[in-house]
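Nothing in this text is a laboratory measurement; each read-out follows from the coordinates by a stated rule. Given the structure is predicted, the values throughout are model-derived calculations rather than measurements. When we count neighbours, we look across all protein chains shown, and the Cβ atoms used for this are built from the backbone with ideal geometry, even at glycine.
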């Protein structure tokens, strides 16, 4: 019983914050439904997510890597790394590095390092049954080696690493409970990386030996911290170890102990060092005031490492030591906000520069240095967990080596920035959410303007539902592309999923014709993907075989499928006259779809646009011809088809549906959206008017039901938005499953409680079938909730695409974002049966 109490509590919390307006009303003599529709999650593109978590520049300062460890191209938190080259003084992306697997929680890029020859990327694989890896690339972004260690599952191998020339140091801070560290040397003759494990002189369970690992600038010293080491009875005081390279072997040199140990001090949680200076933070994790410090150790004339300084920020919790970077002449310490710099002129000779906040220089610079921080020859470089990389330049460069007694002479400015808008996989303009579909615990969302394969080539994200994990419910499984994708295809303009099969339309794809040895322009294609061992694999590409006759047919603009059959619309097919339209029928053979027939209405005419919308349920289908001219210009029509077994063995036109209304104006576009389930069919007419005079595109959805006696389809209801708002285009999208119906009104204006109007924000309207006397065959649709985005914005067109599967409702808003920079998102809602039925 307790779990139901928890669910109800969570539901009440969601209801309190939801943008779903509950509608409680009696419809005729039917049963009263108290609808409860909760907003579950806003789903958005995670490309470039946490860009700047780590960054590094090679010693020659020609190449830079920036990590995005929670990017979701290969799955939830799968990660990515962006490789840049400096060309004519400008940083230009030359490659995007992705993990080799399609899996969740790989965290590829949680650590990165770069030399003048190699790029090292850590992939610790958190929380999964696989060991971590370090992937080695050349400076062109080509994968050349993979380093792994056996028995490192959950060891976080690769969580930290560093590189010097042909040497890489890698930690697995949770291996064997104590933590382990290896140093690998590249063998040019064998072209493999040969490893030596460093001896831990003070092994201790849960000490996380390998919390930080670093080389000095000459590569003959290595620093390893164990920031959770218990020291002299003080829990998690922290400790550090220094190693030296002697005759090709790494040996323990000395241990650096905390001089002011305290519980949870975690000495060395952040660390850096050079040939003469070591910097270890302490107290950063406590969150308390007066205990954030950075300990400085320096090499004296006897080559002994001696603690010489403790830098701190007393009086308030500035998170001093959030990150540290040091060389022989300067130390930079990150705090919140800003940084503090100390210059070194010799042994234990430090000059402090007052703290400054880069955000005060440029408001776009947030959390400078929280990811990485370091000096180059000319710049102070800092990356943040979500804000890219910033290059700060000191106006008086003399101060870089001298110190600054007067802040007037120490002015900094932003010389360059690289952020999410600069990466090839930027979500800006992608229009995520232009299409959506749901099947069970899987969902697909189209991003038809994604540029990874070329401008507006398109892509599709695949999600899996996992209830209430870290506040989310939908997690990225994969990002799909057409194998031959190219600019302008708009792959993902339409999507559909059923069990372990996904179909994706690229209606502007130019299809190569063997007959003419040329591309058929905008013929269109549909791609089939199947789930093979949890990997979504493209298994088939489908297009019409009509050669140049298929030019501009837009095959794949709409389609629907089940496990046996597939119908694909080509609404500008010309066989019945220019742009009359057609639908191509296929059957599944067990391994692929095979073409069976081309469907065209018996009364098809020029310009009908037959196939603009398609819906399939078992052996029944409905196809929209949104520009058909009977009973008026561009009024539209919809056709019902049945699949009949032998002797006919094909699709037979059963009925033609037309809007039955007191007012049917021209340009109603009845059939712009269709959906069918059991013996109910719904047809969207987004420009239908309620007045013979006004032309305001309010929109209507017409409901038809099959008469089992006559086998005809009769209109039983006409639905419209409860406020009949002008220009809302109610019915632009429809999705019907069983007793649930979802209708999109993509241009509906949202008006908040302060009467602020968000033009074209969009809405969706959720209905439930209300049977009369318990008989499903009699009744009607009752409005349950008006849904809006969690944070409505102007012109986001929420409701352009809708999908319903059981209790799950998914709604796209592909123009979320500013004009010309639409990134888009999708909103997930839950139709909660506990509240809807009262138990």
Sites residue 176 and residue 202 - FRET efficiency at Förster radius 22 Å, r taken between beta-carbons, to 0.05: 0.95
Segment residue 92-residue 357, length gained on full extension (0.36 nm per residue, minus Cα span): 92.7 nm
Calculated FRET value between residue 308 and residue 533, using beta carbons and R₀ = 56 Å, to 0.05: 0.45
Mean Cα-pair separation over length for the chain, i.e. relative contact order, pairs under 8 Å, 6 or more apart, %: 8 percent
Ranking of 312, 413 by count of other Cβ atoms within 10 Å, fewest first: 413, 312
Cα gyration tensor, the range 432-837 - rounded (a/c under 1.5), prolate or oblate: rounded
Computed helical MRE - 222 nm, the chain, DSSP H runs ≥ 4 contributing -39500 (n - 2.57), nearest 500: -1000 deg cm²/dmol
Label-to-label distance, nm, for residues given as residue 441 and residue 189 (7 Å Cα→Cβ offset): 5.3 nm
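Can you put 610, 84 in order, fewest other beta carbons within 10 Å first?
84, 610
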Ranked list, fewest to most other Cβ atoms within 10 Å of each Cβ, for 527, 243: 243, 527
Estimated inter-spin distance, residue 301 and residue 592, nm [label 7 Å along Cα→Cβ]: 8.3 nm
Highest average packing first - 137-148, 619-630, Cβ atoms within 10 Å: 619-630, 137-148
Helix 2-17 vs. the chain, principal-axis angle (Cα, 0 to 90°, nearest 10): 80 degrees
Label assignment, Kirkwood radius over Cα pairs in Å derived from the structure, set (i) 44.1; (ii) 32.8; (iii) 29.7: (iii)
